[in-house]
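The values are calculated or read from the model by the stated rules, or taken from the named source; none is laboratory data. The model shown is predicted, which means the values in this text are computed figures rather than measured ones. Using ideal geometry, Cβ is built from the backbone for each residue, glycine included, and neighbour counts are taken over all protein chains shown.
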Amino acid sequence: MQAAIASPRLEVRAVPRRVAATAPTRRSEWVIFAFLVYASLASQIVPIGPVLGTRTILLNVTILAAYGLLIGADTLRPRLLTAVCRDWLPLAMVLLAYREVGWLALPHTNHALELRWVGWDRVILRGGLKAAIEAFGPVLPSILEIAYALVYTLAPFCVAVLYASGESDRVERFLLVFATAVLLCYVLLPFWPSEPPRTVFPGVDVPAYLTIFRRFNLWMLAGAGIHTGVFPSAHVAGAFGAAFGMRRAGARLRWVHPFLFTMAGLIALAVVYGRYHYLADAVAGFFMAIAALAVSCFFDWRRSGKIAPFCSRWP
């Protein structure tokens, strides 16, 4: 008899929690909307030509309208389908943001920034970091290249983990940190026009081992890379943003946290060692993730007057 009464009680508590999480416009969605507005304005200010400028405006207006319809439908009649769409759609929006910031790229021949940044790289790479990484042959270089390639899978992996562990109501807490970290980088890229060290300084301090994993990464960047800038590193920001975001979400599966922070550390090391980024980019990317974490904490404080612990079941 007690079991029969307890079961409906659990069910009644679970349903409103999920509906309440999807009814209003989410904070991560406001972050995405802000970037779309920024990209639209930037496309009219940066001299990229009328074709790209018009394309950016039309695309972003269409996305904002479609997003508004999705949020409206989820508000009027909350359903599992609309909730799932709102959980996963921000990941596609981050990819779109990457492409849009790439449209803002302008040709530049002045490598003053790169010349300043590469000096710091030479200090650490020639000071023993490169030799230490290559001390055991291609093993650690291969691990770093694999970690670099997997950066694009970390956010979908995190959302999938939250779903698999029955914590889909916490996806928004993850998305707020992750999306903010990455989009902050994309906002700043046009202000620091630069190219990666592997192209500005070809053959200088490059990895000694051209593994199949490095070949894959170079091939992928050749086809999908952008030339707007490299500072801050969105790779590092996204990796640490995913790790911080899962801590803020308070994911129940504890093994996820050390795994994500290990991956983030490997990715930060890989971008410098592999000459995909400068050390300055990696450090700045890390601080973008810290800023995103601070934004999440601020919303906690604004809502309740206190900040949730770094890893908690809150609220």
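From the list 150, 184, the lone residue that is within 30 Å of residue 25 (Cβ to Cβ) and in a helix (DSSP H, G or I) is 184. Residues in region 131-155 that are at pLDDT below 95 and of a type in the set (S, T, N, Q): none. Residue 276 falls short on exactly one of the conditions (1) at pLDDT 95 or above; (2) outside any helix (DSSP H, G or I); (3) farther than 30 Å from residue 122 by Cα, and that condition is (3).
Results for (1) surrounded by 18 or more Cβ atoms within 10 Å (Cβ to Cβ); (2) of a type in the set (Lys, Arg), shown as yes or no for each residue.
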position: 174; (1), (2): yes, no
position: 196; (1), (2): yes, no
position: 207; (1), (2): yes, no
position: 215; (1), (2): no, yes
position: 221; (1), (2): no, no
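When region 227-275 is examined, which residues are found to be among the β-branched types (Val, Ile, Thr) and either farther than 18 Å from residue 146 by Cβ or crowded, with 24+ Cβ neighbours inside 10 Å (or both)? Hits for region 227-275 are 228, 230, 236, 256, 267, 271, 272. Quick check, is residue 104 surrounded by 12 or more Cβ atoms within 10 Å (Cβ to Cβ), hydrophobic (A, V, I, L, M, F, W, C), touching a Ser or Thr at 6+ places or on another chain (Cβ under 8 Å) and farther than 28 Å from residue 176 by Cβ? So residue 104 does not fit the description; no. Pairs linking a residue in region 108-130 that is at pLDDT 95 or above to a residue that is surrounded by fewer than 12 Cβ atoms within 10 Å (Cβ to Cβ) and not aromatic (Phe, Trp, Tyr), with Cβ atoms under 7 Å and 6 or more positions apart or on different chains, do not occur.
Against the definition (surrounded by fewer than 18 Cβ atoms within 10 Å (Cβ to Cβ), under 23 Å from the mean Cα position of the chain (by Cα) and either without any contact (Cβ under 8 Å) to a residue 60 or more places away in the chain or closer than 23 Å to residue 226 by Cβ (or both)), how does residue 97 come out, yes or no?
On the way: surrounded by fewer than 18 Cβ atoms within 10 Å (Cβ to Cβ): no; under 23 Å from the mean Cα position of the chain (by Cα): yes; either without any contact (Cβ under 8 Å) to a residue 60 or more places away in the chain or closer than 23 Å to residue 226 by Cβ (or both): yes.
Taking the combined requirement at face value, the residue does not satisfy it.
Would you say residue 300 is among the acidic types (Asp, Glu), surrounded by 15 or more Cβ atoms within 10 Å (Cβ to Cβ), modelled with pLDDT of 95 or more and over 14 Å from the mean Cα position of the chain (by Cα)? Lay out the reasoning, then the answer.
On the way: among the acidic types (Asp, Glu): yes; surrounded by 15 or more Cβ atoms within 10 Å (Cβ to Cβ): yes; modelled with pLDDT of 95 or more: no; over 14 Å from the mean Cα position of the chain (by Cα): yes.
No; evaluated as a whole, the condition is false for this residue.
Residues of region 187-214 that are outside any helix (DSSP H, G or I), more than 25 Å from residue 139 (Cβ to Cβ) and aromatic (Phe, Trp, Tyr): 192, 201.
Any chance region 215-223 includes a residue that's in a helix (DSSP H, G or I), out of contact with any strand residue (DSSP E or B) (no Cβ under 9 Å at 6 or more places or on another chain), without any contact (Cβ under 8 Å) to a residue 40 or more places away in the chain and within 13 Å of residue 144 (Cβ to Cβ)?
The answer is no; no qualifying residue exists.
When residue 43 is tested against the conditions (1) of a type outside the set (D, E, K, R); (2) without any contact (Cβ under 8 Å) to a residue 60 or more places away in the chain; (3) surrounded by 15 or more Cβ atoms within 10 Å (Cβ to Cβ); (4) in contact with a Gly (Cβ under 6 Å, 6 or more places away or on another chain), the lone failure is (2).
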